[in-house]
Amino acid sequence: MMREKWLGSLLLLVFGIFTRALGAFVGINIGTDVTNLPPASDIVAILKANQINHVRLYDADSHMLKALSNSGIEVIVGVTNEEILGIGESPSAAADWINKNVAAYLPSTNITAVAVGSEVLSSVPNAAPVLVSAMNYLHKALVATNLNFQVKVSTPHHMDIIPRPFPPSTATFDSSWNSTIYQLLQFLKNTNSYYMLNAYPYYGYTKGNGIFPIDYALFRPLPSVKQIVDPNTLFHYNSMFDAMVDAAYYSIDALNFSGIPIVVTESGWPWFGGAKEPDATVENAETFVDNLIKRVLNNSGPPSQLNIPINTYIYELFNEDKRPGPVSEKNWGVFYANGSAVYPLRLGASDQTTGNSSVVFCVAKPGADSDKLQNGLNWACGQGQANCTAIQSGQPCYNPDTLENHASYAYNDYYQKKHAVGGTCDFDGTATTTTIDPSNGSCKFTGSSSSSTSGGFTPATALGPTTPLDGSSSSILQVPNFLYLMSATFLVLVLLCPGGPSSFLRS
């Protein structure tokens, strides 16, 4: 047992070294319960414009998988909860699923994992008895097609299967699921896969009865007298996110497993809620996502696993207005369906905004009240001194001849000219900012990279740190990354040596 735990720890270290060398990443979930879901090609365009290089799908939609072809974007495809029972009872059904939804798209579509269901133990417990069987059958189908080294199989879990996550050091899985979770962890270890965790500090805070301050959930610094410390390990937790991830690591360890890394497949914050959801605000959502990105891209793990970065997927790309439940459930998206941003998304180590990172555009909100839009348009073209010539009949931006289009042009012209002296993008709640250039054909919005008024185009920030924390030259990072890879390679050779580590060293 000690040797297995030692090997598990070494494997986790190797995983951490490789991840640190390549850089931790932030991806995004793409839900589809959207009334006006854009075409798959437009969704991929939004991803590319915002330098989003990792996505998770909740199904294996053929249109999305085709649109993602040759994009280089890494994709997690999903087996739906409804499909689990059939796959878990039939190896042939699993083989058919892999052939249809994975093998058929590789290598042009960069599928890297299959997520089997979503929070199965919490949401569809009747499927739990066949969950691990489904995972095994899918993995065997990948082996049969020689795809098992590229595509991993796992299943996302809700935090509620860890009933007492604080302090992290004493966290354990719900004992009623021990048999299933033990089999699942054994599968992950045997296939060199990873544990998928859905971690939501929003719920940890709102359901915590005031135990933890909101700053702790939003990654904000806490005063010294309010530091969150695990009394057993004396580890300091600067965020609820870190504590949640560590609680999962300790829960895995409590079942005597090690060497299984954790990837956070969902984390986010709603930007709008009902009367009893006062913490669902744009300010809080933007703060959380900004700080989450910075936290992940610092390439470190939680206190108990500092060398294992926490790759994370933001929940979610679009607002899913068709989802049931409270108002907040419909408002987790970073973008509206037309590609405009609810709030700026910054996916780099610097504070630049993704997309056309030197410019933020101001456009009309989809579905905004028409009377308010008309008033906003009239004000922008009048008192606001926007140049509205381009939206007159026969001019380049007249078509499409809609109130929303005309208001977007006028709002943006006003915003580009007045933002530096205090002008805002609000217009009685009918406007929003976006990093997506709304220009179309010969219609060039003020601030566009192809507009004569533009300050020039600045490339989007890459996914990953570009400079060390001390601000020194990014070239300095190249040497440590090379050393990380060399160290990882050496450790892999040690593990693969037939006689074990000692014989490798003696040779």
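Residues in region 37-47 that are among the polar types (S, T, N, Q) and part of a loop (DSSP other than H, G, I, E, B): there are none. If you go through region 343-360 and keep only what is modelled with pLDDT of 85 or more and crowded, with 23+ Cβ neighbours inside 10 Å, you end up with just LEU345. In region 15-36, the qualifying residues are those that are part of a loop (DSSP other than H, G, I, E, B) and buried (at least 17 other Cβ atoms within 10 Å of the Cβ), and the one that is modelled with the lowest pLDDT is GLY23.
If PHE149 passes every condition in (1) open to solvent by 70 Å² or more (accessible area, probe 1.4 Å); (2) more than 28 Å from PRO107 (Cα to Cα); (3) of a type outside the set (S, T, N, Q) but one, which one does it miss? Of everything listed in (1) open to solvent by 70 Å² or more (accessible area, probe 1.4 Å); (2) more than 28 Å from PRO107 (Cα to Cα); (3) of a type outside the set (S, T, N, Q), PHE149 misses just condition (2). Once region 408-439 is narrowed to residues that are assigned to a strand (DSSP E or B) and either under 13 Å from GLY384 (Cα atoms) or of a type in the set (Ser, Thr, Tyr) (or both), the residue that is modelled with the highest pLDDT is THR432.
Checked against (1) outside any helix (DSSP H, G or I); (2) more than 20 Å from TYR216 (Cβ to Cβ); (3) open to solvent by 30 Å² or more (accessible area, probe 1.4 Å), ASP253 meets all criteria but (1).
Restricting attention to region 415-442, the residues being in contact (Cβ under 8 Å) with a residue 60 or more places away in the chain and among the charged types (D, E, K, R) number 1.
Only one entry in LEU147, LEU197 is in contact with a strand residue (DSSP E or B) (Cβ under 6 Å, 6 or more places away or on another chain), in contact (Cβ under 8 Å) with a residue 40 or more places away in the chain and either of a type in the set (Val, Ile, Thr) or outside any helix (DSSP H, G or I) (or both), namely LEU197. Within region 220-248, the set of residues being surrounded by fewer than 21 Cβ atoms within 10 Å (Cβ to Cβ) and touching a Leu at 6+ places or on another chain (Cβ under 8 Å) comprises ILE228, ASN238.
Filtering region 387-399 to residues that are in contact with a strand residue (DSSP E or B) (Cβ under 9 Å, 6 or more places away or on another chain), assigned to a loop (DSSP other than H, G, I, E, B) and surrounded by fewer than 21 Cβ atoms within 10 Å (Cβ to Cβ) leaves GLN395, PRO396, TYR398, ASN399. If the condition is being within 26 Å of ALA49 (Cβ to Cβ) and open to solvent by 40 Å² or more (accessible area, probe 1.4 Å), then region 361-386 contributes LYS365, PRO366, GLY367.
Within region 46-67, the set of residues being over 15 Å from GLU316 (Cα atoms) and among the basic types (Lys, Arg) comprises LYS48, LYS66.
Given the options THR180, THR191, name the one that is touching a His at 6+ places or on another chain (Cβ under 6 Å) and modelled with pLDDT of 95 or more.
None of the others qualify; the one that does is THR191.
Results for (1) open to solvent by less than 10 Å² (accessible area, probe 1.4 Å); (2) outside any strand (DSSP E or B); (3) more than 30 Å from LEU218 (Cβ to Cβ), shown as yes or no for each residue.
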residue	(1), (2), (3)
VAL114	yes, no, yes
ALA127	yes, yes, yes
PRO165	no, yes, no
ASN178	no, yes, yes
LEU185	yes, yes, yes
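Pairs are defined by a Cβ separation below 8 Å, a sequence spacing of at least 6 or placement on different chains, a first member in region 289-305 that is over 15 Å from PHE25 (Cβ atoms), and a second member that is among the polar types (S, T, N, Q) and open to solvent by less than 10 Å² (accessible area, probe 1.4 Å); the pairs so defined are ASN291/SER239.
Taken together, the residues in region 48-68 that are modelled with pLDDT under 95 and either outside any loop (DSSP other than H, G, I, E, B) or surrounded by fewer than 17 Cβ atoms within 10 Å (Cβ to Cβ) (or both) amount to 2.
The values are calculated or read from the model by the stated rules, or taken from the named source; none is laboratory data. Note that the structure is a prediction, hence the values are computed from the model and not measured. Note: ideal-geometry Cβ built from the backbone for every residue, glycine included; neighbour counts use all protein chains shown. Side chains are part of the model used for accessible areas, which takes the heavy atoms of the whole protein and leaves out ligands, DNA and RNA. Shrake-Rupley method; radii C 1.70, N 1.55, O 1.52, S 1.80 Å.
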